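The numbers here are math on the coordinates, done by the rules we state, and not lab data. Given the structure is predicted, the values throughout are model-derived calculations rather than measurements. Heads up, the Cβs are rebuilt from the backbone with ideal geometry, glycines too, and the neighbour counts pull from every protein chain shown.
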Amino acid sequence: MQNNDQLDLIENFDEAGFVFVPFEVNGKKVLFSTENSNFLEFDWKNEIEFIETDVISKVSSEQLFSDKQVYERRVEHCINYIKESACNKIVLSRKQMVHFKREEVFTVFNKLIFKYPSAFCYLWFHPEIGCWMGASPEKLIKTENNLFETMSLAGTQKFKGSMRVKWQEKEREEQQLVTDYIVDVLGSLVTSVSQPFTSKAGGLLHICSMIRGEMDDMNDLKLLIERLHPTPAVCGLPKDLALDFLHKYEGYDREFYSGFLGELNMGAGKCSAELFVNLRCMQIFPEQVAIYVGGGITSKSSAKKEWEETVAKTMTMRSVLS
Ligand SMILES: C=C(O[C@H]1C=CC=C(C(=O)O)[C@@H]1O)C(=O)O
């Protein structure tokens, strides 16, 4: 917890503290520095209790109907653009407004950490930026001295009780594009790439590959981040064309959704970091929340399925809001 209300920004990723970085590379990169923060520790497993219910927070059917029409039209436009341009993939997204009582923020966060023990769960607030909460399944980068690990995560289907699932060509291709991009931008730093495997994130399954490597200098974290962010798991390929499309047609500002966040322990002889992509997240307002969701569009996408995928992704947050 930062012990003042200053807004400290980060530039070089050679600091120590907790970073919160938006999707746009030129946006404000916020740092809660270790120096200006107090640390509170508690064993949440003994402190809180979560009773699972089947209640999902409601969105009116009129709202869903109009959101669906707008999103499906955007997806169709995106598919046509991909077919006619040099773009292979664009990760289109939207935000879903859901009713919420701000007083419930800590109850909701308790539910989140209980429900998604393997995700990176966070609750973040700064008076000048606002309040965000999320349960990210995607590691952007983890470093320890000069060793690093990153992840290629893409392709989505609902978890229906088994991890032994079949992946369609569209999902396999879309994940391979992310792996190829990461291997390409990190070049000779990469030492190993795992086979793709199925990974579970709440009620969803994704295809994942782990990519590991060695930095020439253990202070090269900034360089790695600049090469990786935003990856084609949240933006698209080629990056400049995808970004241009998103700026023109996505229709809203992503702010911190699909940016990244996490701990930096750099300087004073220390060199480690663990940063996560800000997915499965929401922005909290006094009476409602904005849940952010997206999906990778390729020439093989269907607008209806892409809508359904984003609805399934909203459930990660909606199922703790009830
Ligand atoms: C962009 C999101 O997910 C990414 C990560 C995993 C699977 C994805 C997909 O199947 O499209 C996305 O690339 C999101 O959850 O908002």
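Set the Cα radius of gyration of the range 198-297 against 2.2 N^0.38 Å, with N its number of residues, and you get 1.28. Taking every alpha-carbon pair under 8 Å whose residues sit at least 6 apart, the chain reaches a relative contact order of 31 percent. Take the alpha carbon gyration tensor of the range 87-186, find the square roots of its eigenvalues, order them as a ≥ b ≥ c, and report rounded if a/c is under 1.5; if not, report prolate when a/b exceeds b/c, else oblate. Taking the square roots of the gyration eigenvalues as a ≥ b ≥ c, the range 87-186 is prolate.
Not counting the cut sites, what is the longest span of the chain without GluC sites (Glu not before Pro) that DSSP labels loop and that have at most 13 other Cβ atoms within 10 Å? Don't skip to the answer; put the middle values down first.
Working: sites that count: Glu11, Glu41, Glu49, Glu52, Glu128, Glu287.
By the stated rule (loop sites, at most 13 other Cβ atoms within 10 Å), 129-286.
For the peptides 289-295, 108-114, the ranking by mean Cβ contacts within 10 Å, running from highest to lowest, is 289-295, 108-114.
Only aspartates and glutamates eight or more places from Lys300 in sequence, or on another chain, were considered; those with a Cα closer than 15 Å are Glu72, Glu76, Glu84, Glu169, Glu171, Glu173, Glu174, Glu309.
Our estimate of slack between Arg227 and Ser60, defined as 0.36 nm per intervening residue step minus the Cα-Cα distance, is 56.0 nm. Close amide H partners of Met97, meaning residues 5 or more places away or on another chain with modelled amide H under 5 Å apart, are Ile291.
Approximating the spin labels as points 7 Å out from Cα along Cα→Cβ, the Asp253-to-Phe106 distance works out to 3.1 nm. Here the translational diffusion coefficient of the range 142-211 follows from Stokes-Einstein with Rh set to the Kirkwood radius across Cα pairs; for 25 °C and 0.890 mPa s it amounts to 190 µm²/s. Across the range 53-175, the relative contact order, built from alpha-carbon pairs under 8 Å that are at least six residues apart, equals 14 percent.
Over the chain, the hull volume per residue, using the convex hull of the C-alpha atoms, is 139 Å³.
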